[in-house]
Amino acid sequence: MVAVDGFTDRLDYPMLVVTAAADDGTPKGCLVGFASQCSLSPTRFAVWLSRANHTYETARRAEFLGVHLLRRDEHHLARTFGGTCGARFDKFAGVRWEPGAGGVPVLTDSCSWWVGRVERYADWGDHVGFHLTPVETGGDASPHEKLLRLSDVTDLDPGHPG
């Protein structure tokens, strides 16, 4: 295996929260660092979820996923969705949210969000990519927000095992 740490250590991705609704309507969510727009026309995105994440199995069964940008002053949301495990902790307790398209939990305090229809999945190592078509958007569209980035959450230990 070729080590590319000198390259990847320089990357500073925006951190996102991805949400899904379980079959019984229970909200699920996790902190995600791997996401990208992957098509201009039609607009499409990909988000990658770790198989080790408690939200992963719910996301695999979901028709829609929510994708939320966080501001730097929302580190507490990153700690909740990235530093705790949904199998042991209700991540949505005390978090403002409402159901969006397909019942997906939308974090109403996030600076910008969208809900996407899951088109397909792709296996990429220890993460699975979800190919999404946006169907609903909201939040502040200001492009000048100070977004929460990978370098802002290095103090977090993953809430899931592995």
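The values are calculated or read from the model by the stated rules, or taken from the named source; none is laboratory data. Fair warning: this is a prediction, and the values are worked out from it, not measured in the lab. Ideal geometry is used to build each Cβ from the backbone, glycine not excepted, and the neighbour counts take in all protein chains shown. Note: accessible area is taken over every heavy atom of the protein model, side chains too, but ligands, DNA and RNA are not part of it. Shrake-Rupley method; radii C 1.70, N 1.55, O 1.52, S 1.80 Å.
Scaled to the globular estimate 2.2 N^0.38 Å, the Cα spread of the chain, given as radius of gyration, is 0.98.
In plain terms, the chain from Cys85 to Arg120 could stretch by 10.0 nm, reckoned as 0.36 nm per residue minus the Cα-Cα distance.
Label positions at Leu40 and Ala93, each projected 7 Å from the Cα along the C-beta direction, are separated by 4.8 nm. The stretch between Ala22 and Arg71, if pulled fully straight at 0.36 nm per residue, gains 15.0 nm over its current Cα-Cα span. By accessible area, using a 1.4 Å probe on protein heavy atoms only, the chain has 52% of its surface on carbon and sulfur.
Counting heavy atoms of the protein chains only and a 1.4 Å probe, report the per residue accessible area for the chain as a whole number of Å².
Computed with neighbouring chains in place, this is 54 Å² per residue.
Between Arg60 and Thr133, the simple label model (points 7 Å from Cα in the Cβ direction) yields a spacing of 2.4 nm. About its Cα centre, the dipole of the chain is roughly 140 debye, where the only charges are +1 on Lys and Arg Cβ and -1 on Asp and Glu Cβ.
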